[in-house]
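Right, one structure below, let's go through it.
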Amino acid sequence: MTQIKTKEEKQKELISRYASEMGIIKLRIEQIKSTSKLIKYWEPRVEYKALHLRKIIEQILLSSLIANSEIYQQYYHRLGTEWNARLICRDLKRIHPNFFPVAATDDHENMEISNNLEDSLTSDEVIEMYEKMGKLLHSHNPFSPFPDYQELSKYIDDCCKKIIRFLSVHTIMMYGEKDFLYVIMEERTSGQVSINWFSKCE
């Protein structure tokens, strides 16, 4: 017999899943930071970093789906058989234009959470990063110019810095736009991902 979950139990499960994905993103970023110690040569080092950056971006998008389970159910089978980040973003925007996370600031004085547009990234910006990394996961064509791996490594590091600032404190709007998650990637005392569920005031 299937046990029906309460609203609170569903919220707790969703928060746990989202926090888990954010925790994995943090670990991947640490792997990228330590790559120079792990891999001696530029070409495999940059390919390794590119792979992790792509996976970070995939996890940002898939985490958006976790936070919007109604949409996730519609796309589950498609996501299980193919991955085209640009097309999935396009389809999600049609259903829920504000599905993507937004960098945030917490104004303690005025008891207010507001968008931090300076540190926010758009879905188009992360898709551009994603597609650029895809080219590095294939063997180099010997008849084309040799890539500047040092410059590409710097580009990946810059992308990671942008993503860290973007996700450091962010909100993600739930489908229906009445509730949202407020996410702190590194809580001050525990260092763990901290998430609160808020409802908008009418």
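The values are calculated or read from the model by the stated rules, or taken from the named source; none is laboratory data. Remember, predicted model here, so these are calculated numbers, not experimental data. Because the Cβ atoms are built from the backbone with ideal geometry, glycine has one as well, and the counts that use them run over all protein chains shown.
Only a single criterion out of (1) surrounded by 15 or more Cβ atoms within 10 Å (Cβ to Cβ); (2) within 20 Å of the chain's Cα centre (by Cα); (3) among the hydroxyl-bearing types (Ser, Thr, Tyr) is not satisfied by SER16, namely (1).
The criterion of being outside any helix (DSSP H, G or I), modelled with pLDDT under 90, over 17 Å from GLU47 (Cα atoms) and within 17 Å of the chain's Cα centre (by Cα) does not hold for ASN110. Checking each residue of segment 119-138 against the condition of being part of a loop (DSSP other than H, G, I, E, B), small (Gly, Ala, Ser) and surrounded by 16 or more Cβ atoms within 10 Å (Cβ to Cβ) gives at least one match.
Scan segment 94-116 and give yes if some residue there is loosely packed, with under 11 Cβ neighbours inside 10 Å, touching a helix residue (DSSP H, G or I) at 6+ places or on another chain (Cβ under 9 Å) and at negative phi, otherwise no. Looking for residues that are loosely packed, with under 11 Cβ neighbours inside 10 Å, touching a helix residue (DSSP H, G or I) at 6+ places or on another chain (Cβ under 9 Å) and at negative phi, one finds none in segment 94-116, hence no. Do we have any residue at all in segment 179-197 that's at pLDDT below 90, in contact with a Ser or Thr (Cβ under 6 Å, 6 or more places away or on another chain) and closer than 22 Å to LYS93 by Cα? Scanning segment 179-197, I find at least one residue that is at pLDDT below 90, in contact with a Ser or Thr (Cβ under 6 Å, 6 or more places away or on another chain) and closer than 22 Å to LYS93 by Cα, so the answer is yes. Taking segment 7-100 as the region of interest, the helices (runs of 4 or more DSSP H) fully inside it that hold 3 or more residues being farther than 30 Å from PRO147 by Cα and at pLDDT 90 or above are 7-33. For segment 4-31, a residue qualifies if it is of a type in the set (Val, Ile, Thr) and over 19 Å from VAL169 (Cβ atoms), and the qualifying residues are ILE4, THR6. For segment 114-121, does any single residue satisfy the condition of being over 30 Å from GLU8 (Cα atoms) and over 19 Å from the mean Cα position of the chain (by Cα)? No, segment 114-121 contains no residue that is over 30 Å from GLU8 (Cα atoms) and over 19 Å from the mean Cα position of the chain (by Cα).
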